[in-house]
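Worksheet: one structure, shown below.
What follows is calculated from the coordinates using simple rules that are stated; it is not laboratory data. Predicted, not measured: the structure shown is a model, and the values here were computed from it. Quick reminder, even Gly has a Cβ in these numbers, built from the backbone with ideal geometry, and neighbours come from all protein chains shown.
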Amino acid sequence: MIELESLISLAVTMADAGADAFNWQYVGKHAANLTILVLLLVYLLKTTVKNFLMDRRGQIASKIESSEKEITEAKAHFDQYMAKLSNIEKEIEDLKESIRNEAEMERQEIIRQAEISAQKIREDATETIKSETAKAKHQIQGEVVELAMELAENLIKNNLNEADSRRIIEDFVKEVNETKWQQ
């Protein structure tokens, strides 16, 4: 509103003085008013503006510091992940090798167990064969003795007379008596 009055008074002054005249008094008043206003604002707002700017500077500095810290942490995480990624191929190969080794060890253990089982089966089979062979041999010997006894009995019945029979009995008794005393 002050400026509106100033403009009106400027227009009136210029009209009175003519179009070519410059009003130094008007410019001086306004310059003085402006200087007083600026000095007053500087005096009154200096501390407030200074504090605001200092606080703002501190906030910006802390944000920059926290941002730099976050960037450093992010770079560290990035480097850590890159190191893990670069080592992942080696880790995969190590894991594959470990699995291969474990599988080979299991394979060897299975083969060893199978060999032990096969050896036990062979031993059992050999023992069974020996046992069955001995049993069969004993059975065959029994049958041979039985057949020989029957054959001898038949031969004796058919070819032996009374005198031969007495002689055989006497020889038998004599043999038994001699064996009895020798023991």
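Annotations
- Qualifying aspartates and glutamates (Cα of each under 20 Å from Cα of K84; at least 8 residues distant if same chain): E73, E93, D94, E97
- Taking a straight Cα-Cα cut-off under 23 Å and skipping sequence neighbours fewer than 8 places away in the same chain, the lysines within cross-link reach of K135 are K120.
- Partners for K50 among lysines (Cα-Cα distance below 21 Å; same-chain residues under 8 apart left out): K63
- Cα-only Debye scattering, segment 35-113: base-10 log of I(q)/I(0) at q = 0.11, 0.16, 0.23, 0.26 Å⁻¹: -0.64, -0.82, -1.01, -1.08
- Computing Rg and the Kirkwood Rh from the Cα coordinates of the chain gives a ratio, Rg/Rh, of 2.04.
- Local charge for I99 was computed over the other residues whose Cβ lies under 13 Å away, with Lys and Arg +1 and Asp and Glu -1, and equals -4.
- Scanning the chain for DSSP H helices at least 15 Å long along the axis (C-alpha atoms) with a Kyte-Doolittle mean no lower than 1.0 picks out 2-17.
- Within segment 2-178: Cβ-based charge dipole about Cα centre, in debye rounded to nearest 20 (Lys, Arg +1; Asp, Glu -1): 1720 debye
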